[in-house]
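Visitor: Below are the structure tokens for one structure; questions will follow.
The values are calculated or read from the model by the stated rules, or taken from the named source; none is laboratory data. Bear in mind the structure is a predicted one, so any value in this text is a computation, not a measurement. Neighbour counts are summed over all protein chains in view; Cβ atoms, including those assigned to glycine, are modelled from backbone coordinates with ideal geometry. Just the protein is used for accessible areas: all its heavy atoms, side chains included, with ligands, DNA and RNA removed. Shrake-Rupley method; radii C 1.70, N 1.55, O 1.52, S 1.80 Å.
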Amino acid sequence: MKRVACRYAIVQFLPYAETGEFANAGVVLLCPEQGYFGYRLNTRHAQRITAFFERLDRSVYVRALKFFEEELARVKAILDNEIFPRANAEASRQLFTALTHPREAIVRFAPTRAILTADPAQEVDALFGRYVEHDFATPEHQEVVLERRVNRLLRTLPLDRPFQAHTIVSDEARARFPFVLFDDNNPIKVIKPLFLAQDEPHKIVEHADFWLSKIRRLQARNLLPAATLISTEAPPESDVKRFKAFAEIRSELLRQELETAPTSDENAIRRFALAH
């Protein structure tokens with residue numbers, strides 16, 4: 001299928017102009033050749049924004065996005081009903097330029113960019129997933145980030161022997177742990193960063209269950225050291241449903257006689273790594 005040139009812009013939410021901090025809140029895309037204008041806004045998951053701007057009243061974001069969505073709907077109506085039927089590509093580009101011009105407002109656009117695509121509507125979803133939902137940031141990717149953070153900390157410690165990546169295997173389970181400390185050939189300590197801040201409660205539980213089942217099987221066969229620390233990344237407490245799911249998982253980890261600590265708690269990780 002032939003790819004055509006489109007323009008798109010990321011919608012940014014910037015509640016505090018003084019700091020310049022913003023969060024991506026949506027995407028708009030224009031394809032003059034195909035007579036297409038589409039957009040998606042993050043109107044469903046306001047907690048992502050309020051988690052970033054902790055002191056922000058949720059209603060501020062909701063109202064701002066509502067008014068902005070109405071503006072985009074008016075532009076879409078003009079394009080669909082007046083400009084696209086006349087196949088006036090230049091007029092559509094001018095309107096898109098006027099829409100996305102720099103503005104001093106709580107909701108604004110990043111500079112426009114060009115992209116080639118065979119399916120503009122599908123491209124809107126792809127761009128929204130990348131820039132707003134961070135679909136590249138899977139739990140696995142997030143855990144790699146957490147592992148790097150823990151690794152930087154461990155490298156600063158005066159350890160007699162280094163932690164190293166190791167896969168513990170039984171007939172029923174196989175689990176790779178990024179940080180394992182050995183005494184001769186016997187694993188005596190394990191640190192496992194676990195990302196538990198997914199955007200839905202059920203995703204938190206599903207990812208935790210994946211690891212809990214492995215841990216139970218290794219423990220049942222005395223293959224997992226008693227000194228095992230699960231270093232967790234949690235959702236904000238203000239997000240009641242997600243944090244409740246996390247808290248239940250944390251309680252289950254403790255029932256499995258595992259140590260837990262936030263990945264951000266460097267002192268706890270340091271004490272665990274250095275303890276004899």
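Visitor: Starting from the Cα of A17, step 7 Å along the direction of its Cβ; do the same at R152; then give the gap between the two resulting points in nm.
Guide: The answer from the label model is 3.4 nm.
Visitor: Note down the nm distance, to one decimal, between modelled labels 7 Å out along Cα→Cβ at A87 and at E33.
Guide: Placing both labels 7 Å along Cα→Cβ, they lie 1.5 nm apart.
Visitor: Output needed for the range 76-150: three equivalent-ellipsoid semi-axes, defined as square roots of 5 times the C-alpha gyration tensor eigenvalues, in descending order, whole Å.
Guide: Semi-axis lengths for the range 76-150 are 35, 17, 10 Å.
Visitor: Compute the acute angle (0 to 90°) between the alpha-carbon long axis of helix 139-154 and the principal axis of greatest extent of the alpha-carbon atoms of the chain; round to the nearest 10°.
Guide: 50
Visitor: Give the shape of the range 148-209 as rounded, prolate or oblate, defined through the alpha-carbon gyration tensor: a ≥ b ≥ c are the square roots of its eigenvalues, a/c under 1.5 means rounded, and otherwise the shape is prolate if a/b is larger than b/c and oblate if not.
Guide: Here the range 148-209 falls in the oblate category.
Visitor: Any idea which of T260, A173, A73 is furthest toward the positive side of the dipole for the chain, if Lys and Arg beta-carbons carry +1 and Asp and Glu beta-carbons -1?
Guide: A173
Visitor: Is the range 186-231 rounded, prolate or oblate when judged by the Cα gyration tensor, a ≥ b ≥ c being the square roots of its eigenvalues, rounded requiring a/c under 1.5 and prolate requiring a/b larger than b/c?
Guide: Since a/c reaches 1.5 but b/c is at least a/b, the shape of the range 186-231 is classed as oblate.
Visitor: Quick one: dipole size for the range 123-261, taken about the Cα centre, charges +1 on Lys/Arg Cβ and -1 on Asp/Glu Cβ, in debye to the nearest 20.
Guide: Dipole of the range 123-261, to the nearest 20 debye: 500 debye.
Visitor: Right, here's the next one. Let's see if you can work this out: charge +1 on each Lys and Arg Cβ, -1 on each Asp and Glu Cβ, no other charges. What is the dipole magnitude of the range 17-95 about its Cα centre, in debye to the nearest 20?
Guide: Charge dipole, the range 17-95, about its Cα centre: 260 debye, nearest 20.
Visitor: Using the heavy atoms of the protein chains alone and a 1.4 angstrom probe, what is the accessible area of the range 28-156 per residue in square angstrom?
Guide: Ligands and nucleic acids excluded, the result is 58 Å² per residue.
Visitor: Hey, another quick one. Any idea what the dipole of the range 193-275 comes to, in debye rounded to 20, about its Cα centre with Lys/Arg Cβ at +1 and Asp/Glu Cβ at -1?
Guide: So the dipole magnitude of the range 193-275 works out to roughly 380 debye.
Visitor: Based on C-alpha coordinates, I'd like the Rg and Dmax of the range 120-189, in Å.
Guide: Reported Rg and Dmax, both Å: 18.4, 59.
Visitor: For the chain, with the dipole built from +1 on Lys and Arg beta-carbon atoms and -1 on Asp and Glu ones, taken about the Cα centre, which of V240, C31, L157 lies farthest toward the positive end?
Guide: Of the candidates, L157 comes out farthest on the positive side.
Visitor: Shifting gears a bit: How large is Rg/Rh for the range 20-130, to two decimals, with Cα atoms and a Kirkwood Rh?
Guide: Radius of gyration relative to Kirkwood radius: 0.99.
Visitor: A further question follows. With the Cα gyration tensor of the range 200-271 giving a ≥ b ≥ c as the square roots of its eigenvalues, does the rule (a/c under 1.5 for rounded; else a/b larger than b/c for prolate; else oblate) give rounded, prolate or oblate?
Guide: It comes out oblate by the Cα gyration axes.
Visitor: Expressed as a whole percentage, what fraction of the accessible surface of the chain belongs to carbon and sulfur atoms when a 1.4 Å probe is rolled over the protein heavy atoms?
Guide: 49
Visitor: Under 21 Å Cα-Cα from K244, which lysines qualify once same-chain neighbours fewer than 8 residues away are excluded?
Guide: K203
Visitor: Please report the equivalent ellipsoid semi-axes of the chain, computed as sqrt(5 x eigenvalue) of the Cα gyration tensor, largest first, in whole Å.
Guide: 48, 20, 17
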